[in-house]
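The values are calculated or read from the model by the stated rules, or taken from the named source; none is laboratory data. Note that this is a predicted model, so its numbers are computed, not measured. Note that each Cβ is placed from the backbone with ideal geometry, even for glycine, and that neighbours are counted across all protein chains shown.
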Amino acid sequence: MYLIRGIQNIDLYLSKYKDVDLIATIGNFDGLHLGHQHIIKNMKKDAAQNNWQTLVIFTEPHAKEFFAEALGTEEEKPPRIFPWPEKVKRLKELGVEFSFFLNFNNQLRKMTPEDFISEVLSRLSIKKIVIGDDFRFGANREGDFNFLKSWGKENDILVENTETFEVNGERVSSTRIRNSLISGNFSDAKELLGKPYSFCGNVVYGQQLGTQLGVPTANLWLPKNKLPIAGVYIVSVDLDDKKYGGIANMGTRPTVDGQNPVLEVHILEFSGNLYGKKITVEFLKKVRDEKKFDGLEALKEQIFKDISFAKEYFS
């Protein structure tokens with residue numbers, strides 16, 4: 001999959017693929033859930049029938065994240081199901097040929113709908129666009145489905161709205177999945193995502209605190225996005241094509257005055273050097289919220305209780 005990283009790189013894309021005709025969709029695509037997958041599946045059918053290729057244009061950060069940071073209201077940021085590199089990874093897995101990382105910044109925020117079309121959409125050889133009929137774009141959200149449809153009609157470009165995709169009688173949405181994750185309902189999240197909720201990454205060096213406490217952990221550093229999960233969880237870990245049980249802490253580690261989010265995983269029934277290895281951590285059940293303990297001994301005591309709980313779960 002070819003990734004266009006920003007408007008400034010459209011010319012680079014055109015230097016390689018100017019003759020490629022595209023069917024495109026635009027959105028945030030947080031989670032790439034079953035509804036998103038349904039759109040992409042139908043796009044690929046259209047592409048195969050018309051000798052087009054698929055393009056997914058996604059904005060980063062989410063507009064609400066951008067405005068929360070700009071206004072200093074961090075608590076109003078919507079939780080992110082996945083950071084954007086995971087989104088790119090999943091787009092590749094879905095067989096998308098091209099994706100476009102569209103940075104939501106002041107330049108994009110101030111663009112009129114006409115400017116957005118002339119500086120982005122009209123520069124690409126788009127033959128069809130598929131969007132939701134509630135889609136908005138441009139300064140003050142003045143552009144909408146009808147605006148795009150009118151532009152498409154003038155330029156022989158098909159503009160269609162997406163079908164609502166439902167599971168158990170309810171529309172599948174990123175908000176619905178976030179709420180499932182916040183409440184610890186990982187089975188529902190798995191059903192809506194089409195796969196388990198998990199994080200994948202390379203194990204990095206941490207503070208060695210787990211080893212000092214007699215509980216070695218594998219650490220995965222996380223982007224500073226607000227995530228819908230925080231606390232201690234029972235997890236399964238894929239490592240070297242084997243699956244292990246584990247207990248994980250997702251958070252900032254307040255007992256040791258941590259600042260940045262990190263995923264720490266203690267893998268049950270495992271010993272060995274994990275640094276640099278890639279692991280996938282699947283979340284199964286929430287045990288408790290993260291909290292600040294009165295010193296390392298109290299933290300150590302709680303960690304061993306958590307481990308016992310995890311062992312009982314897997315037994």
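Listed values, structure above:
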{"read-out": "Criterion: at pLDDT 85 or above, touching a strand residue (DSSP E or B) at 6+ places or on another chain (Cβ under 6 Å) and farther than 19 Å from ASN161 by Cα - qualifying residue of LEU102, LEU108, LEU55, LEU94", "value": "LEU102"}
{"read-out": "Some residue of segment 23-38 being assigned to a helix (DSSP H, G or I), among the hydroxyl-bearing types (Ser, Thr, Tyr) and closer than 19 Å to GLY95 by Cβ", "value": "no"}
{"read-out": "Residue in segment 294-307 that is closer than 14 Å to THR217 by Cβ, touching a Lys or Arg at 6+ places or on another chain (Cβ under 8 Å) and surrounded by 15 or more Cβ atoms within 10 Å (Cβ to Cβ) present", "value": "yes"}
{"read-out": "Segment 257-304, subset in a helix (DSSP H, G or I) and out of contact with any strand residue (DSSP E or B) (no Cβ under 9 Å at 6 or more places or on another chain), residue modelled with the highest pLDDT", "value": "PHE304"}
{"read-out": "Of residues in segment 220-236 being out of contact with any Lys or Arg (no Cβ under 7 Å at 6 or more places or on another chain) and β-branched (Val, Ile, Thr), the one surrounded by the most Cβ atoms within 10 Å (Cβ to Cβ)", "value": "VAL235"}
{"read-out": "Qualifying residues in segment 182-213 (those that are among the hydrophobic types (A, V, I, L, M, F, W, C) and at pLDDT below 95) - the one surrounded by the most Cβ atoms within 10 Å (Cβ to Cβ)", "value": "PHE199"}
{"read-out": "Residue identified as modelled with pLDDT under 95 and over 18 Å from LYS89 (Cβ atoms) among PRO216, PRO223", "value": "PRO216"}
{"read-out": "Whichever residue in segment 39-65 is of a type in the set (D, E, K, R) and assigned to a helix (DSSP H, G or I) and, among such residues, is surrounded by the most Cβ atoms within 10 Å (Cβ to Cβ)", "value": "GLU65"}
{"read-out": "Residue match in segment 66-76 (condition: buried (at least 17 other Cβ atoms within 10 Å of the Cβ), in a loop (DSSP other than H, G, I, E, B) and not assigned by TED's automatic domain parsing to the domain that holds ALA230)", "value": "no"}
{"read-out": "Residue within segment 127-134 that is surrounded by fewer than 19 Cβ atoms within 10 Å (Cβ to Cβ), within 27 Å of PRO83 (Cβ to Cβ), free of Cβ contacts under 8 Å to residues at least 12 places away in the same chain and not basic (Lys, Arg) present", "value": "yes"}
